[in-house]
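The values are calculated or read from the model by the stated rules, or taken from the named source; none is laboratory data. Predicted model, so just to flag it, every value in this text is computed and none were measured. Cβ atoms come from the backbone with ideal geometry, glycine included; neighbour counts cover every protein chain shown. Heavy atoms of the whole protein, side chains included, go into the accessibility calculation; ligands, DNA and RNA do not. Shrake-Rupley method; radii C 1.70, N 1.55, O 1.52, S 1.80 Å.
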Amino acid sequence: LLLFGSEEQKRYYLPRIIAGDDIWCQGYSEPNAGSDLSNIGLKAELDGDEWVLNGQKIWTSAGHLATHIFTLARTDATVAKHKGISFMLVDMRQPGIEVRPIKMISGESEFNEVFYTDVRVPKDNVVGGVNNGWAIAMALLGFERGEAAATGPIRYEAEFDRLVALATERGVINDPRIRQRLAWCYTKVQIMKYLGRRTLTKFLAGHHPGPDGAVSKLYWSEYHTKSTELAIDIMGMDAMIPVGRKPSTAFQTDDPGAANSSMSWAMTFLNARAGTIYAGSSQIQRNIIGELVLGLPKEPKPN
Ligand SMILES: Cc1cc2nc3c(=O)[nH]c(=O)nc-3n(C[C@H](O)[C@H](O)[C@H](O)COP(=O)(O)OP(=O)(O)OC[C@H]3O[C@@H](n4cnc5c(N)ncnc54)[C@H](O)[C@@H]3O)c2cc1C
């Protein structure tokens, strides 16, 4: 909104976001549009001063808690796929919206299916112009992948301290195989920290995270699958019957200083798998880095 919103949109929505009056979720993915996001099919048709939306979104994090959903909708099906998409601000508090929770491997329901049946959206709720939604969506993903580049490593460093404490508590801190893996984790977190500082420095110099946000996203998510695997190996059989407090969030790490319960690590281990999928899978991040950061030749597209 700060970059692409109209003055009216900024004036109305930004204070409400800061005050917590509106809670937003992200309506991008559909059953037939994930990595291939430009394939979205949720249809928007203009009826007088309103858009009428019909279709479905899926994997919508916090959709069951949100009051609003920013939605990628197909506003022109006659042009190239990414040229007929608009970015719309949709109030979820209307009868045409149905939210169905999806159960995750951890047993929790953090994400949802969202169904739209004749959902009405004021004409002015398009951000950045009709059929210009692809540019807005990509800019947003740059922020989503890059925004935690500088702060994320602080959490991963705190998590590493918990990992060392766990190895100490469990009496394996002097095992050379564990020490080797801890040293690997330490090195990765330090590199992550410097990568984050580079992103922060560029941001302070006026550069917004774009395709290079993929570097940070790929780095932390792949690292996290390995560090949590080490925690599970340290706990051994205890990890199979997790007990204690659950992590405070399904995303990234548990809180700094959280107790080293088997539940905290087992759930974080499961959630870490999802980290390599949401905000774009690792394969897609590698494509972005190859094509848009390093300038390598594009992969062949089936369409
Ligand atoms: C926990 C979680 C929360 C999420 N929250 C949201 C949300 O709030 N809002 C939202 O809109 N979406 C959300 N998503 C959806 C997420 O963005 C998609 O799952 C993701 O983009 C992958 O799309 P897909 O699931 O359709 O998999 P697919 O695109 O079908 O991919 C399947 C596999 O094929 C690989 N693949 C696909 N294309 C290529 C290619 N060109 N080259 C190489 N490999 C390829 C992928 O890497 C993957 O391994 C969430 C997902 C998760 C797991």
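Okay, here's what the table says:
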{"read-out": "The stretch 72-120, subset open to solvent by 80 Å² or more (accessible area, probe 1.4 Å) and aliphatic (A, V, I, L, M), residue nearest to Ile40 (Cα to Cα)", "value": "Ala77"}
{"read-out": "Condition check for Asp255: of a type outside the set (Phe, Trp, Tyr), more than 15 Å from the ligand (Cβ to nearest atom), surrounded by fewer than 17 Cβ atoms within 10 Å (Cβ to Cβ) and part of a loop (DSSP other than H, G, I, E, B)", "value": "yes"}
{"read-out": "Qualifying residue in the stretch 58-76 (condition: of a type in the set (A, V, I, L, M, F, W, C), over 27 Å from Ala272 (Cα atoms) and more than 13 Å from the ligand (Cβ to nearest atom))", "value": "no"}
{"read-out": "Residue within the stretch 3-19 that is free of Cβ contacts under 8 Å to residues at least 12 places away in the same chain, open to solvent by less than 60 Å² (accessible area, probe 1.4 Å) and within 8 Å of the ligand (Cβ to nearest atom) present", "value": "no"}
{"read-out": "One residue from Thr249, Thr228 being on the phi < 0 side of the Ramachandran plot, at pLDDT below 95, within 16 Å of the ligand (Cβ to nearest atom) and in the same structural domain as Gln180 (by TED's automatic domain parsing)", "value": "Thr249"}
{"read-out": "Restricting the stretch 121-170 to residues that are under 20 Å from Lys226 (Cα atoms), open to solvent by 50 Å² or more (accessible area, probe 1.4 Å) and basic (Lys, Arg), the residue that is nearest to the chain's Cα centre (by Cα)", "value": "Arg155"}
{"read-out": "Residues within the stretch 271-290 that are crowded, with 17+ Cβ neighbours inside 10 Å, within 6 Å of the ligand (Cβ to nearest atom) and in a helix (DSSP H, G or I), tallied", "value": "3"}
{"read-out": "Complete set of residues in the stretch 25-55 that are more than 8 Å from the ligand (Cβ to nearest atom), open to solvent by less than 70 Å² (accessible area, probe 1.4 Å) and closer than 18 Å to Asp91 by Cβ", "value": "Leu42, Ala44, Gly48, Glu50, Trp51, Val52, Leu53, Asn54, Gly55"}
{"read-out": "Hits in the stretch 258-270 - residues which are open to solvent by less than 40 Å² (accessible area, probe 1.4 Å), out of contact with any Gly (no Cβ under 6 Å at 6 or more places or on another chain) and either among the aromatic types (Phe, Trp, Tyr) or in a loop (DSSP other than H, G, I, E, B) (or both)", "value": "Ala258, Asn260, Trp265"}
